Each structure stands twice: as structure tokens, then as C-alpha cells.
Amino acid sequence: MNFDKQEFVHELISPNASKIVLLVMDGIGDLPNEEGVTPLMKANTPNLDKLAQLSDLGQTIPVMHGITPGSGPGHLGLFGYDPIKYQIGRGILEALGEDIEVGELDVVARGNFATIDGDIVIDRRAGRPSTEESAKVVEKLNANIKEIEDVKVTFYPGKEHRFVLKLTGEGLSDNIEDADPQKEGKPIKYTTALSPEAEKTARIVNKLLERIKEVLKDEPKMNFALVRGFSKYPKLPQFPEVYKLRAGAIAVYPMYKGLAKLVGMTIIPTGQTIEDEIETLKKEWNNFDFFFVHIKKTDSYGEDGKFDEKVHVIENVDKVLPEILALNPDVLVVTGDHSTPCAMKGHSFHPVPIMFFAKHTRKGLSKAFNEFECARGTLGTIHATDVMNLILAYSGRLEKFGA
């Protein structure tokens, strides 16, 4: 049976005054270490564990079984969008998150400053430089590279090692491969056109990479750039209209603000810390029905293989949980967009822990919030695209289907 899940659910929605918080700890899922515990199990989390005893627990499949998702597909699924149907380049998310205007003649991409030795990538993130350090290198690129052939080239600073590349010109396409080998110890990867109309764009990007290499050759660490997620501006159904919710997003990193903006959420300005984000949530509580709150560093430390640091971030979230609960949300969901095991230093295909706290749960089975308790929880294993349906159901916003 072929049907649009969002259109189907939309017809069943009956708005009410309920308040919803979707708390996403990016890359929260993990694997046991040599001691047999994951960061969630190792962390001292009395508040999360107490909440688990009152909640429905389960685990999500972000895309399909066995498929490792990027952050874009991982979040789109949680928002109720089929990530296979809506395939979005990371570039547009970063660009929108940085408030960069993207027009019809533009192709944007996400860039990482990287360290190369000869033509071998030895550090994909150039040692994670400070935002201020990388901004200076962005200035250097803008001063030295303004055009490739007839295409205008603009670089925009991002957070830490990240930046946004915008190409502006006639006849550009986003149908090209990422120029990123994805692994350290591999040679520089140039892009390839995936269709005839993309050949010009691929040629421009490859010439640009050579210019970047030349301009940055004397930089000690940020001496090259990896570019991926080429994208033009896509059109998606808008979250507030689909789900009849006033939706606000609280996130620090541009990509996640960009993703929320792309689906029509209001971006709520906030500070740089978890504590800042919760203060923002409290301040804006009366202005929205639905809050997407994003925690980034669980993913960053997973990618760096820093087990203890990931534990620390989880414990920080646990400390602010009572402040969220004090707001008396009707539904609180705690989950991640994908798993990022420290042992793998990257995203993985493993299911993602999820917890639903609401009035009407089959509480009592689970004792703690971690991967193993979630695997045997009352919800079982669900697809991430069903999370919004459950949020609406738990909040009493869905009418009965059929007679």
C-alpha cells in the first residue's frame, strides 16, 4: 500500500494545549567497552533512570535496518519525514543554520578544514581548531579565491573546523559526489559528476580544491578542505502545518538550526551550553507547543572516541532534567538521531535508545535509561518516522481512525 504517512496523520490531528519536548542527544547510542558498559550505563544518571521507571522505552531505526544514517536523515526521521524520500545535502542545512541566503543559482556545501601530508588526509577535522582560528582561514580563502571560471566562490565561517562553501553561477547542479574520503589515512578525494548536467559543477569543485590546496599550503594544520553535502534549496512539507504545532528549535550548531528551519520550525536564539539551552526553553515555554532541543557533544565525543567525555555530557544532561520536568511537559521524549559508538569513532547502524514520558505509559518494566533497557522496553523497536505519530498520540492530539 503506497500512501503519504504525513498526509494520513494530518487528517487525524486535533490540536490541544499540550506541551511537547523532543530532547535529542546527538549520537547517544553506543556499544559496550571492555568493561561491558556503554557511556549511558557508565554515567551517573539518577534523574534519567528515575524517569525511565515512569516511561515507555524502546529503540529506533533511523532509516532502515543496517543503514548508517547521517545527521540529516537521522533528524528528518525523528521529525516524521521519510529520509529516503527527502534526501537533503548537508550543505543546505549548514547554510541555513548560518543564515546564509541561498538562491536559485546557488549550490552550497559543508566544508571541513583538514590536515594533509602530501596527498594523504591525516586529520579530517584539522585538530578541531577554535571557531576564531578557522574564521581567519576562511578570510584567507575569500581574499585569494573569488571565482573559478564563471562561477562566484564564497566561503562562510562555521563552528570549529567547519565552514560553508557557496557557488553561484549558471548551470550548476548538486548531483555530484562528496569530495571527502570519509576516513583518515586515505588520499584526497576529488568529486565526480553523477549526471551529465553536473559535469560543469564537478569540474569547478575540483579546480577549487586545487586552489584551496595552494592557498593553504603554509598552514600548519588547516592546510586543505574536505567538501561534502552539495545541495540546492529543497522544498519540504512544513512541520507546523503538517502537525498543527507551534514548533521552536533550540540548538547551538548551525546544521541542526538549518534542518529545523528547513522544515519550518522557528529558530530560538540561545547560548553555547546545555544550561543556556534549558534557560532558553524556560523563557520561551509559553510561546510554543513543541520544542526540539538539540545536544551536540555526545556525538562529537563519540566521533573522537572519547568515552569519558561522552559520559560527562550525559551526566550534564541528567543534571538539567529536573528543570525540564518542572515545566510540566505533557510529553517528554529523550533520544538520539543515530548511534555514534566511541569504539567506532563514527556513526553506526545500531538502533537508538528512546524514552517517552507522558501520562498514559505502560510504566514499570524499565529500571534505567540505556541501550539494553531500551532494547527490552515496552515500545520495542520502531522506525524513527513513527516517533512523531507517537508524540501526537501521547499528547492526546490524534483522533480515532475509522468507525
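Quick look at the values:
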quantity	calculated
C-alpha center-to-center spacing [region 39-80, region 131-186] in angstrom	33
For Cα extents along the principal axes in Å, calculated from these coordinates, the label among [x] 58, 56, 42; [y] 62, 49, 41; [z] 67, 46, 43	[y]
Relative exposure of LYS5, LYS297, judged by other C-beta atoms within 10 Å (fewest first)	LYS5, LYS297
Anchor LYS367: aspartates and glutamates whose Cα lies under 19 Å away (excluding residues fewer than 8 positions away in-chain)	ASP30, ASP49, ASP56, GLU315, ASP318
Phi to ³J(HN,Hα) by Karplus 6.51 cos²θ - 1.76 cosθ + 1.60 over region 166-177, Hz, x for Gly, Pro	10, 10, 10, x, 6, x, 8, 10, 9, 8, 10, 6
Cβ charges +1 (Lys, Arg) and -1 (Asp, Glu), total dipole of the chain, debye	460
Relative contact order of region 1-158, defined on C-alpha pairs under 8 angstrom at six or more residues apart (%)	9
Residue among GLY377, VAL320, THR131 farthest towards the positive dipole end of the chain, charges placed on Cβ	GLY377
Sorted by Cβ density within 10 Å, fewest first, the residues LYS85, LYS319	LYS85, LYS319
12 Å beta-carbon shell around PHE356, net charge (K/R +1, D/E -1)	0
Length-normalised contact order of the chain in % [C-alpha pairs under 8 Å, at least 6 apart]	34
FRET efficiency, 1/(1 + (r/R0)^6) with R0 51 Å, evaluated for GLU170 and GLU133 via beta carbons	0.90
Degrees between helix 274-283 axis and first principal axis of the chain (Cα, 0 to 90, nearest 10)	60
In sequence order, calculated HN-Hα J values of region 100-112 (Karplus, 6.51, -1.76, 1.60; Hz; x Gly/Pro)	8, 5, 10, x, 5, 8, 9, 10, 10, 8, 8, x, 10
Cα-Cα over 18 Å, subset of LYS166/LYS207; LYS235/LYS261; LYS159/LYS235	LYS159/LYS235
Packing-based order for 214-222, 368-376, using average beta carbon neighbours within 10 Å, highest first	368-376, 214-222
Loop-located GluC sites (Glu not before Pro) in region 228-328, at most 16 other Cβ atoms within 10 Å (DSSP)	GLU284
Acute angle (nearest 10 degrees) that the helix 199-215 long axis makes with the longest principal axis of the chain, alpha-carbon atoms	80
Mean Cα-pair separation over length for region 93-231, i.e. relative contact order, pairs under 8 Å, 6 or more apart, %	32
Nearest-0.05 FRET efficiency for ASN33 and GLU101, computed from C-beta distance (R0 35 Å)	0.20
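Throughout, read-outs are computed from the coordinates displayed, never taken from laboratory work. Source: prediction; values computed, not measured. All Cβ positions, glycine included, derive from the backbone under ideal geometry; neighbour counts span all protein chains shown.
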